[in-house]
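The values are calculated or read from the model by the stated rules, or taken from the named source; none is laboratory data. Treat the numbers as computed from the prediction; the structure is a model and nothing was measured. Here the Cβ is made from the backbone with ideal geometry for all residues, glycine too, and neighbour counts use every protein chain on show. Surface accessibility is based on the protein's heavy atoms, side chains included, excluding ligands, DNA and RNA. Shrake-Rupley method; radii C 1.70, N 1.55, O 1.52, S 1.80 Å.
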Amino acid sequence: MQRIGVFVCHCGSNIAATVDVEKVVEIIRQEPGVVHAEDYQYMCSEVGQAKIADAIHEKGLTGIVVCSCSPRMHETTFRKAAERAGLNPYMVEIANIREHCSWIHKDVEEATKKAVILARAAIAKVNLNAPLKPGESRVTKRALIIGGGIAGIQTALDIADAGYEVDIVEKTPSIGGRMSQLDKTFPTLDCSACILTPKMVEASAHEKITIYTYSEVEKVTGFVGDFTVDIRKKARSVDMDKCTGCGVCQEKCPSKKAPSEFNRGLSNRSAIYTPFAQAIPNVPVIDREHCLKFQKGKCGVCAKVCQAGAIDYEQKDEIVTEKYGAIVVATGFDVIKLDNYDEYAYSQSKDVITSLELERIMNAAGPTKGHLERLSDGKAPREMVFIQCVGSRCADDRGKSYCSKICCMYTAKHAMLIRDKYPDVNVTVFYIDVRTPGKNFDEFYRRAVEDFGVNYIKGQVGKVAPQPNGRLLVQASDLLDNRQIKMEADMVVLAAAIEPNPDVRKIATMLTASIDTNNFLTEAHAKLRPVESPTAGVFLSGVCQGPKDIPETVAQAGAAAVKAIGLLAKDKLLTNPCTAHSDELLCNGCSTCANVCPYGAITYEVRQVNDHGIREDRRLAVVNEALCQGCGACTVACPSGAMDLKGFSNRQILAEVDAICQ
Amino acid sequence: MITGKKQAELIKEISGVNPLKCMKCGKCSATCPSYNEMDIKPHQFVSYVLNEDIEALMQSESLWKCLSCFACVERCPRDVKPGKLIDAARQLLIRQRGQEYLSPDEVPELLDPEIPQQLLVSAFRRYRR
Ligand SMILES: Cc1cc2nc3c(=O)[nH]c(=O)nc-3n(C[C@H](O)[C@H](O)[C@H](O)COP(=O)(O)OP(=O)(O)OC[C@H]3O[C@@H](n4cnc5c(N)ncnc54)[C@H](O)[C@@H]3O)c2cc1C
Ligand code: SF4
Ligand code: SF4
Ligand code: SF4
Ligand code: SF4
């Protein structure tokens with residue numbers, strides 16, 4: 001029989017206002033095995049923790065129950081307090097009488113009753129607890145960054161500067177991400193390439209950073225500190241070591257009709273291409289779908305003109321396997337498809353464009369060489385209309401429920417830049433709310449209105465209709481003047497909602513990291529652990545976690561790096577001792593458990609067992625304790641009841657149920 | 001005399017609309033074809049119900065100007081369906097006037113160009129079987 005001490009916390013009035021804490025102590029004191037019971041204002045305070053230590057020493061406690069908040073809050077706090085007083089930390093259990101009781105009930109009598117029952121269940125469990133000892137696992141001092149946008153680049157640089165090896169895996173032929181597609185950036189209007197390119201160069205020149213472009217993560221196994229990752233290097237058809245980046249192949253390639261991804265399909269590129277002039281690495285890839293050699297079997301011009309002999313049509317995809325201690329996801333975003341927004345005529349008119357397309361049009365390297373012109377007829381626009389919140393803040397199934405956060409600011413940027421460069425062009429912005437929180441952001445928007453004469457109208461556009469005269473009829477509300485507006489525009493720009501890169505689902509599954517209903521990666525704690533995924537060893541950087549502009553992305557990228565460095569700096573990690581194990585006399589080797597284990601921790605071996613005097617060879621489940629995360633899936637799946645989890649044994653759980661139903 | 005509060009409840013019940021979902025974007029009013037003839041505009045239907053000023057809504061011109069084209073219902077990003085509110089306000093008025101229902105065979109001879117289209121469209125929508 002254990003000697004159990006019970007500590008009931010008031011949590012200020014959080015618990016004490018709804019649960020009669022003194023009464024709980026009175027009742028629990030009578031429970032068999034309980035040799036000490038007391039209540040206190042704040043058990044997590046230093047005084048509260050000292051009470052636990054004192055009772056361990058004075059009453060010789062062998063088990064502790066703390067009736068307080070969720071174990072996710074303070075289980076570690078109390079376990080450490082007990083450990084300092086010489087008790088095995090796994091002899092401490094928490095009865096959650098806050099989230100599971102006081103916060104969700106109103107009736108004091110009922111809530112007090114429930115608190116007693118929860119305490120009894122915890123006591124029943126502690127009675128069967130045994131001391132547990134965590135094992136150790138090693139830490140591979142290398143980090144993997146998935147996604148080479150500004151988020152991935154910044155995280156990589158910060159980790160590498162701390163002295164650790166970093167690999168970046170980027171899906172497209174160059175690092176840089178969306179930022180490389182932008183022309184100028186708010187709030188300071190510096191040219192995007194001018195501030196991004198030095199960072200790209202720094203990453204590629206860094207001795208600790210290896211960049212895999214045109215590559216994707218294919219498989220992830222292992223766990224925090226010791227991940228094993230397969231990276232697929234897609235065949236570039238160009239030898240990275242030989243290519244000098246002269247660009248002759250791209251010039252001479254006769255197949256020039258492939259839509260340029262970089263210019264959002266607004267211009268064409270050759271089959272052999274680098275996405276943009278500052279691409280890193282400056283080594284082209286052959287897009288085999290558009291290459292005449294691959295499609296028709298003839299051509300081979302690039303191989304003939306390449307002085308370096310770098311073209312290699314035989315190149316195959318290659319799988320690189322590497323070990324990592326930490327993984328950072330930085331897969332970024334895309335703008336949503338506008339197929340469901342017929343009313344804005346996006347697919348009917350070339351002069352209705354997204355803001356990202358406008359970035360390319362305004363850029364000197366873009367489809368119109370930086371001239372603002374209509375894509376339908378090349379004419380300069382006189383009247384431009386911007387529509388905000390297209391597909392953001394929607395309650396229907398056409399759009400996204402969230403605010404995309406960046407579009408108010410980039411719309412103000414576009415409006416201002418256009419009024420500055422083309423003062424003859426009238427610019428009207430239709431908005432629902434102008435959302436510009438951020439340092440110097442509202443001032444930026446006000447400048448667009450006050451200094452650049454951008455016409456902001458509160459009211460959403462209901463319809464954009466192409467007219468026979470080639471212009472666009474815009475129908476909108478002006479809510480402040482209470483009038484309906486019908487105006488003709490030459491170009492309409494849609495601030496389309498952003499959404500996480502669709503690949504993220506695949507990546508999250510591989511990493512067992514969680515995503516929310518909008519496919520954004522979920523953080524371990526919305527406030528206190530914003531750059532960590534709930535999966536140990538996986539960190540989040542950039543827009544893959546939620547909408548952000550560049551300043552926020554860079555700040556978060558640095559934070560993710562710090563968390564990863566904190567992990568890589570450790571030589572060893574303590575492993576969770578609450579792992580599964582199978583009873584060799586009950587296990588019949590059916591493979592059910594291995595099929596449900598999400599961590600691949602279960603294998604089978606044939607061993608001789610002595611079953612009541614009968615010796616025979618049997619196929620038995622064996623759990624690799626280093627891989628097992630203690631999720632318990634196998635223990636419920638096992639048809640013979642052979643699997644059991646340390647710290648959460650079947651007996652313990654049933655004892656808790658008995659105590660509750662008593 | 002039923003209060004504005006009670007009337008607002010009735011309107012919400014008849015229309016199935018939750019006016020609190022409105023984010024006041026004005027997209028409904030943007031393309032309403034009868035906008036200029038309305039004294040209370042489509043996006044304001046929502047505020048009148050929220051403010052429980054149902055008498056004003058029931059006395060408004062808009063009641064008879066809405067064409068029931070449901071462009072506002074279709075395009076509202078918050079799925080509010082403001083057109084259903086005005087539809088419900090009209091229902092309420094008709095209920096107040098008493099059970100003046102027609103039998104279907106009486107309809108054709110009563111048709112004249114002055115009858116609000118919305119009345120017919122809504123009636124057919126409601127009573128089609
Ligand atoms: C029109 C527009 C204008 C903007 N203007 C501004 C501005 O003026 N100022 C500002 O501060 N912000 C601006 N932004 C926001 C800015 O673009 C983002 O904050 C920034 O790009 C986020 O960087 P990121 O690295 O998180 O994502 P991304 O830039 O999307 O980078 C993600 C990278 O991951 C790669 N990737 C995706 N999936 C995989 C995979 N499975 N495997 C490997 N790699 C993968 C992608 O190819 C990409 O290279 C603007 C955005 C838009 C749409
Ligand atoms: S072989 Fe393919 S990539 Fe090379 S020049 Fe011909 S079409 Fe272009
Ligand atoms: S940032 Fe502005 S434009 Fe974008 S969704 Fe939010 S409110 Fe709308
Ligand atoms: S508890 Fe069982 S299913 Fe869960 S990780 Fe461990 S071995 Fe796998
Ligand atoms: S369109 Fe919907 S959300 Fe917008 S003002 Fe009208 S009712 Fe409200």
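When A:Glu523, A:Glu616 are checked against the criterion of being open to solvent by 40 Å² or more (accessible area, probe 1.4 Å) and under 12 Å from the mean Cα position of the chain (by Cα), a single residue qualifies: A:Glu523. Checked against the criteria, B:Phe45 does not count as on the phi > 0 side of the Ramachandran plot and of a type outside the set (D, E, K, R).
Residue pairs whose Cβ atoms lie under 8 Å apart, separated by 6 or more positions or on different chains, with the first residue in the range A:364-383 and closer than 19 Å to A:Thr428 by Cβ and the second charged (D, E, K, R) and not in a loop (DSSP other than H, G, I, E, B), are A:Leu372/A:Lys421; A:Glu383/A:Glu488. Of the residues making up the range A:518-534, those that are assigned to a loop (DSSP other than H, G, I, E, B) and free of Cβ contacts under 8 Å to residues at least 60 places away in the same chain are A:Asn519, A:Phe520, A:Thr522, A:Glu523, A:Ala524, A:Ala526, A:Lys527, A:Leu528, A:Pro530, A:Val531, A:Pro534. Out of everything in the range A:437-478 that is among the hydroxyl-bearing types (Ser, Thr, Tyr) and either in contact with a Cys (Cβ under 7 Å, 6 or more places away or on another chain) or closer than 27 Å to A:Thr188 by Cβ (or both), what residue ends up being nearest to the other protein chains (Cβ to nearest Cβ)? The qualifying residue nearest to the other protein chains (Cβ to nearest Cβ) is A:Tyr456. For B:Leu67, the test of being within 19 Å of B:Val121 (Cβ to Cβ) and part of a loop (DSSP other than H, G, I, E, B) is passed.
Going through (1) more than 16 Å from ligand 2 (Cβ to nearest atom); (2) within 19 Å of A:Gly148 (Cβ to Cβ) one by one, A:Pro284 falls short only on (1).
Going by the conditions given, is A:Glu207 more than 10 Å from ligand 1 (Cβ to nearest atom), more than 23 Å from A:Lys548 (Cβ to Cβ), acidic (Asp, Glu) and not assigned by TED's automatic domain parsing to the domain that holds A:Ala364? Yes; evaluated as a whole, the condition is true for this residue. Being within 11 Å of ligand 4 (Cβ to nearest atom), part of a helix (DSSP H, G or I) and over 26 Å from the mean Cα position of the chain (by Cα) is a description that applies to A:Cys593. Scanning the range A:249-260 for residues that are surrounded by 15 or more Cβ atoms within 10 Å (Cβ to Cβ) and of a type outside the set (Ser, Thr, Tyr) turns up A:Cys249, A:Gln250, A:Cys253, A:Ala258. For the range B:57-76, filtered to residues that are open to solvent by 50 Å² or more (accessible area, probe 1.4 Å), away from chain A (no Cβ under 14 Å) and touching a residue at least 24 places away in the same chain (Cβ under 8 Å), the residue that is farthest from ligand 3 (Cβ to nearest atom) is B:Trp64. The lone criterion from (1) open to solvent by 20 Å² or more (accessible area, probe 1.4 Å); (2) assigned by TED's automatic domain parsing to the domain that holds A:Glu322 left unmet by A:Gly225 is number (1).
Take A:Leu627 and decide whether it is surrounded by 18 or more Cβ atoms within 10 Å (Cβ to Cβ), closer than 30 Å to A:Gly152 by Cβ and at pLDDT below 95. When the stated conditions are applied, A:Leu627 passes them. Residues in the range B:25-37 that are more than 10 Å from chain A (Cβ to nearest Cβ) and either crowded, with 24+ Cβ neighbours inside 10 Å or closer than 14 Å to B:Asp87 by Cα (or both): there are none. Would you pick out the residues in the range A:394-409 that are aliphatic (A, V, I, L, M) and more than 10 Å from ligand 3 (Cβ to nearest atom)? The one that is aliphatic (A, V, I, L, M) and more than 10 Å from ligand 3 (Cβ to nearest atom): A:Ala395. Taking residues in the range A:69-82 that are open to solvent by 40 Å² or more (accessible area, probe 1.4 Å), and partners anywhere that are among the small types (Gly, Ala, Ser) and outside any helix (DSSP H, G or I), the pairs with Cβ atoms closer than 7 Å and at least 6 places apart or on different chains are A:His74/A:Ser68.
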